[in-house]
Amino acid sequence: MEHRVVGPGPYRATRLWNETVELFRARMPLRKHRCRFKSYEHCFTASEAVDWLHELLRNSQNFGPEVTRKQTVQLLGKFLKNHVIEDIKGKWGQEDFEDNRHLYRFPPSSPLKPYPKKPLYQRDVIKFPEWNDPPPGTSQENIPVRPIVMNSEMWFKRHSIAIGEVPACRLVHRRQLTEANVEEIWKSTTLSYLQKILGLDSLEEVLNTKLVSSKFIIHNVYSVSKQGVVILDDKSKELPHWVLSAMKCLANWPNCTDWKQPMYLGFEKDVFKTIADYYGHLKEPLLTFHLFDAFVSVLGLLPKEKMAIEAFQICCLLLPPENRRKLQLLMRMMARICLNKEMPPLSDGFGTRTLMVQTFSRCILCSKDEVDLDELLAARLVTFLMDNYQEILKVPLALQTSIEERVAHLRRVQIKYPGADMDITLSVPSFCRQISPEEFEYQRAYGSQEPLAALLEEVIADDKLSSKEKKKKLKQFQKSYPEVYQERFPTPESEALLFPEKPKAKPQLFMWALRKPFQPFQRTRSFRM
């Protein structure tokens with residue numbers, strides 16, 4: 001019995017339903033049965049169907065070993081209601097399915113569920129505010145476009161560093177980020193992270209992005225206690241005091257010797273029932289109706305535990321703060337009860353872990369449209385949440401850091417140099433013309449030769465520069481653009497013509513130079529008498 005893994009994506013619940021129905025019809029053993037002195041071919045009993053389907057679901061990665069026999073009976077009841085199976089007399093729809101010896105068979109054809117048609121949500125990705133974004137309400141569609149003429153002066157400005165001059169810079173302050181801008185960044189980045197983890201082309205089939213509140217995301221990130229639990233601004237949305245006290249009682253259940261309050265036999269069961277009744281009467285599940293498809297889609301990532309935890313972290317950030325707080329307190333209580341060996345049994349028919357999942361799965365996750373696999377999918381999700389609640393209900397650090405760095409960058413000043421902007425009105429071209437690879441290579445190689453050559457000629461013709469400064473600039477230009485320089489001065493002689501040698505000045509004549517050359521000393525006659 002092999003159950004194909006259904007990964008994340010839209011309509012995962014419907015795909016799981018169709019997959020299970022097809023596998024059940026194809027693999028369920030059929031044989032001859034006798035009932036009330038009459039034989040029936042190709043049928044099965046209710047108990048046989050429960051046994052076989054229960055084993056299939058427990059061994060499936062889509063559902064897991066937490067599936068109970070009771071849930072399997074409920075699923076077969078939905079099979080009967082949707083005419084996947086019928087009783088031996090052809091009845092279906094209104095009859096209750098029970099775990100007994102009643103005979104059932106497959107109808108000639110079993111309808112599969114069609115994929116629902118959802119309204120197309122807005123595909124536009126929320127745009128980040130950029131440095132040069134115009135203020136809201138302005139349009140650039142009718143701004144006249146002036147042609148860009150790249151003369152030598154502009155090239156001189158843009159390449160002034162290459163020829164030895166470092167221009168002065170100026171600071172450009174970006175228009176101030178509003179609160180709405182920051183909220184847009186948080187919402188857009190969070191949804192982009194979720195879409196990337198789920199591997200979807202669009203979130204529109206699993207989530208209505210219009211219903212996602214950026215204020216909820218920001219509140220869930222920053223308004224938290226030291227323990228990481230959300231702090232509510234509106235205290236009227238808090239858990240009732242008596243429910244919170246009951247949850248603390250079971251979460252911190254001590255030894256009998258340490259218990260100071262009066263107790264009676266079965267006290268813990270009554271406390272647990274009080275909590276279960278409160279959560280069972282919520283108007284909406286904690287994970288909300290509009291996030292149902294998103295959470296079900298994440299269930300497809302459970303084989304990749306790390307990715308599933310990251311996806312659940314982001315999905316839980318989208319919750320209203322009061323829902324997130326109630327979920328945090330509930331999951332902490334459930335996990336502590338399951339790990340507490342001193343806790344007396346809370347039910348006679350179920351183990352503690354199974355009881356937690358069965359009691360709270362529906363108040364945590366269910367669909368507004370009563371999807372047929374609600375119970376199984378909710379049990380699978382609650383089990384994973386209970387085992388990893390400390391990690392899942394943390395704020396994803398990578399996401400928070402990325403957004404904070406983005407906002408900080410947009411608030412910084414920008415440094416601009418003369419020539420970086422042409423001081424002319426530019427507009428994004430309305431279209432682009434595709435060129436051939438040969439034309440691209442030609443433009444890349446020769447497109448800037450003419451302006452550079454003009455720049456070189458200006459340096460050569462500049463009479464204000466001394467010969468020393470001109471030689472220095474030409475030397476730097478030769479180093480930066482050797483091909484252009486080589487074309488202008490192909491030989492050393494052509495370069496020498498630019499700086500002709502001046503005639504050497506004649507040496508000055510001094511008086512001693514007019515005298516006769518040095519003569520050796522000659523003895524003269526002595527003047528002595």
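On inspection, T14 does not qualify as crowded, with 16+ Cβ neighbours inside 10 Å, polar (S, T, N, Q), without any contact (Cβ under 8 Å) to a residue 60 or more places away in the chain and assigned to a helix (DSSP H, G or I). When the criteria are applied in full, E66 meets the requirement of being under 19 Å from V296 (Cα atoms) and either open to solvent by 20 Å² or more (accessible area, probe 1.4 Å) or under 35 Å from the mean Cα position of the chain (by Cα) (or both).
Against the conditions (1) at pLDDT below 90; (2) open to solvent by 30 Å² or more (accessible area, probe 1.4 Å); (3) of a type outside the set (K, R); (4) in a loop (DSSP other than H, G, I, E, B), D233 satisfies every one except (1). Close contacts from the stretch 342-354, counting a first residue that is without any contact (Cβ under 8 Å) to a residue 24 or more places away in the chain and a second that is open to solvent by less than 40 Å² (accessible area, probe 1.4 Å), with Cβ to Cβ under 7 Å and a gap of 6+ residues or different chains, come to T352/I337; T352/M343; T352/L346.
Cβ-Cβ distance below 6 Å, separation of 6 or more or different chains: which pairs start in the stretch 26-46 with a residue that is closer than 12 Å to F106 by Cβ and end on one that is assigned to a helix (DSSP H, G or I) and open to solvent by less than 100 Å² (accessible area, probe 1.4 Å)? The qualifying pairs are M28/W52.
Taking each residue of the stretch 394-407 that is not assigned by the TED database to the domain that holds L194 and looking for partners that are surrounded by fewer than 16 Cβ atoms within 10 Å (Cβ to Cβ) and not small (G, A, S) with beta-carbon atoms closer than 9 Å, six or more apart or interchain, yields R406/F128; V407/L177. Within the stretch 214-230, the set of residues being among the aliphatic types (A, V, I, L, M) and either part of a loop (DSSP other than H, G, I, E, B) or outside the structural domain of C316 (by the TED database) (or both) comprises just one member, V229. Among the residues of the stretch 58-91, those identified as touching a strand residue (DSSP E or B) at 6+ places or on another chain (Cβ under 7 Å) and modelled with pLDDT under 85 are D87, I88. Taking the stretch 452-513 and the helices (runs of 4 or more DSSP H) fully enclosed by it, the elements with 2 or more residues that are within 57 Å of the chain's Cα centre (by Cα), at pLDDT 75 or above and not aliphatic (A, V, I, L, M) are at 467-480, 482-488.
Name the single residue that is farthest from S367 (Cα to Cα) among those in the stretch 191-213 being open to solvent by less than 60 Å² (accessible area, probe 1.4 Å) and of a type in the set (D, E, K, R). Only one residue fits best here, namely E204. In the stretch 82-96, the residues that are under 17 Å from S39 (Cβ atoms) form Cβ pairs under 8 Å with partners that are among the hydroxyl-bearing types (S, T, Y), at six or more places apart or across chains, as follows: D87/Y104; I88/Y40; I88/Y104. The number of residues in the stretch 28-43 being assigned to a strand (DSSP E or B) and open to solvent by 100 Å² or more (accessible area, probe 1.4 Å) comes to 6.
For R324, indicate whether it is part of a helix (DSSP H, G or I) and either without any contact (Cβ under 8 Å) to a residue 40 or more places away in the chain or open to solvent by 10 Å² or more (accessible area, probe 1.4 Å) (or both). Walk me through it before giving the result.
Numbers: part of a helix (DSSP H, G or I): yes; either without any contact (Cβ under 8 Å) to a residue 40 or more places away in the chain or open to solvent by 10 Å² or more (accessible area, probe 1.4 Å) (or both): no.
In short, no.
Find the residue count for the stretch 195-213, including only residues that are free of Cβ contacts under 8 Å to residues at least 12 places away in the same chain and outside any loop (DSSP other than H, G, I, E, B). Final tally of qualifying residues: 2. Checking each residue in the stretch 385-406 for being part of a loop (DSSP other than H, G, I, E, B) and in contact with a Leu (Cβ under 8 Å, 6 or more places away or on another chain) picks out L393, V395, P396. A count restricted to the stretch 44-71 and to residues that are more than 20 Å from R31 (Cβ to Cβ) and either in a helix (DSSP H, G or I) or hydrophobic (A, V, I, L, M, F, W, C) (or both) stands at 7. Hey, any hits in the stretch 241-260 for a residue that's closer than 18 Å to A294 by Cα, within 37 Å of the chain's Cα centre (by Cα) and either at pLDDT below 80 or not assigned by the TED database to the domain that holds K479 (or both)? Within the stretch 241-260, none of the residues are closer than 18 Å to A294 by Cα, within 37 Å of the chain's Cα centre (by Cα) and either at pLDDT below 80 or not assigned by the TED database to the domain that holds K479 (or both).
Across the stretch 367-391, which residue is surrounded by the most Cβ atoms within 10 Å (Cβ to Cβ) among those that are closer than 13 Å to F295 by Cα and of a type outside the set (A, V, I, L, M)?
Of the residues in the stretch 367-391, the ones closer than 13 Å to F295 by Cα are 367, 374, 377-382, 384-385.
Retained after the next criterion (residues that are of a type outside the set (A, V, I, L, M)): 367, 374, 380, 384.
Numbers: S367: 17, D374: 21, R380: 25, F384: 20.
Top of the filtered list is R380.
Checking the structure you have, find out if any residue of the stretch 290-303 is assigned to a helix (DSSP H, G or I) and surrounded by fewer than 19 Cβ atoms within 10 Å (Cβ to Cβ). No, the conditions are met nowhere in the stretch 290-303.
The values are calculated or read from the model by the stated rules, or taken from the named source; none is laboratory data. Owing to the predicted nature of the structure, the values given are computational and were not obtained by experimental measurement. Methodologically, a virtual Cβ is constructed for each residue, glycine included, from the backbone with ideal geometry; neighbour enumeration extends over all protein chains shown. Surface areas here come from the heavy atoms of the whole protein model, side chains and all, with no ligands, DNA or RNA. Shrake-Rupley method; radii C 1.70, N 1.55, O 1.52, S 1.80 Å.
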